[in-house]
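The values are calculated or read from the model by the stated rules, or taken from the named source; none is laboratory data. Source: prediction; values computed, not measured. Here the Cβ is made from the backbone with ideal geometry for all residues, glycine too, and neighbour counts use every protein chain on show. When the accessible area is computed, the model is the full protein with side chains, heavy atoms only, and any ligands, DNA or RNA have been set aside. Shrake-Rupley method; radii C 1.70, N 1.55, O 1.52, S 1.80 Å.
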Amino acid sequence: MRMPRYVAIAAGVLAALLSVGAAGAQEQGTWRYGFRVIDIGIDATSDPIFDSDSTIMIDSSIFAEYDMTYMLGQNWGVEWMITASPHDVEVESGIYDGLDLGSLWIAETTVTFNYMLPFWNRWRPYLGAGVSAAYFFGSDPSSAAEAIGVDKVKSDLGWGLVGQVGLAYRLNRSWILSLDVKWIDMSIDVELDGQDGSVAETPMDLDPLIIGIGGAVR
């Protein structure tokens, strides 16, 4: 007796899903270590400073990100990412518009829970959510900043929620390529310091969009 066409299709889809699930089960309890080249897109300005309409702006940057993933089960994992990236800082609008404040580094670490959709065999789209923390360090003020009494740009420790989406491609049992996108909803308090203490303090919505591409090994 010939099997009905819809039954054959359903059986084929079920077999494919089971085969993908079996491949994922082999990853349970394993670690992945990798690097990504990331584009850190920041479109952030602070509240006004110096009793004027001027605000602090931090530009975007391209740098590297280190990541580790621990597989909790067939399709679930915990991913930890860390980066430290250089950024230029300047003032925009108001009477200080265009003032160069120099540069600084932003240290950022993120932990997300990932769910890898069991489709497409070697291709594994995934979704993630978690938390992130960041702070400013390594400030290098410009001569223009020092002229108005600013010797350092620093921040407190900022926290935020993270949304993540990505696509992983399994080259073989050991190597994986990935395209990863994260958006972080983060507020951070920025402080301009001089020799005699704080010159100005202001909150900023950092809210970076981080797009990365890289590889990992299991």
Each label point is 7 Å from the Cα along the Cα-to-Cβ direction; what then is the distance between the points at Ala133 and Leu179, in nm?
3.3 nm
What accessible area per residue, rounded to a whole number of Å², is obtained for the chain using a probe radius of 1.4 Å?
53 Å²
Between helix 5-25 and the chain: long-axis angle, C-alpha atoms, 0 to 90°, nearest 10
50 degrees
With 0.36 nm assigned to each residue of separation and the Cα-Cα distance removed, Ser187 to Tyr70 gains 39.3 nm
Lys154 and Phe113 label points (each 7 Å along its Cα→Cβ direction) are spaced in nm at 3.6 nm
Listed candidates [x] 1.17; [y] 0.96; [z] 1.08 - label of the one calculated as Rg/Rh (Cα atoms, Kirkwood Rh):
[x]
Normalised by the residues of region 114-204, what does the relative contact order come to in percent, with Cα pairs under 8 Å and at least six apart?
27 percent
Dipole magnitude of region 90-203, debye to nearest 20 (Cβ charges: Lys/Arg +1, Asp/Glu -1, about Cα centre)
1440 debye
Here the gain from full extension of Asp59 to Glu92, 0.36 nm per residue of separation minus their alpha-carbon distance, amounts to 10.7 nm
Work out, step by step, the length gained on full extension between Glu146 and Ser52: first 0.36 nm times the residue separation, then minus their alpha carbon distance; give nm to one decimal.
32.0 nm
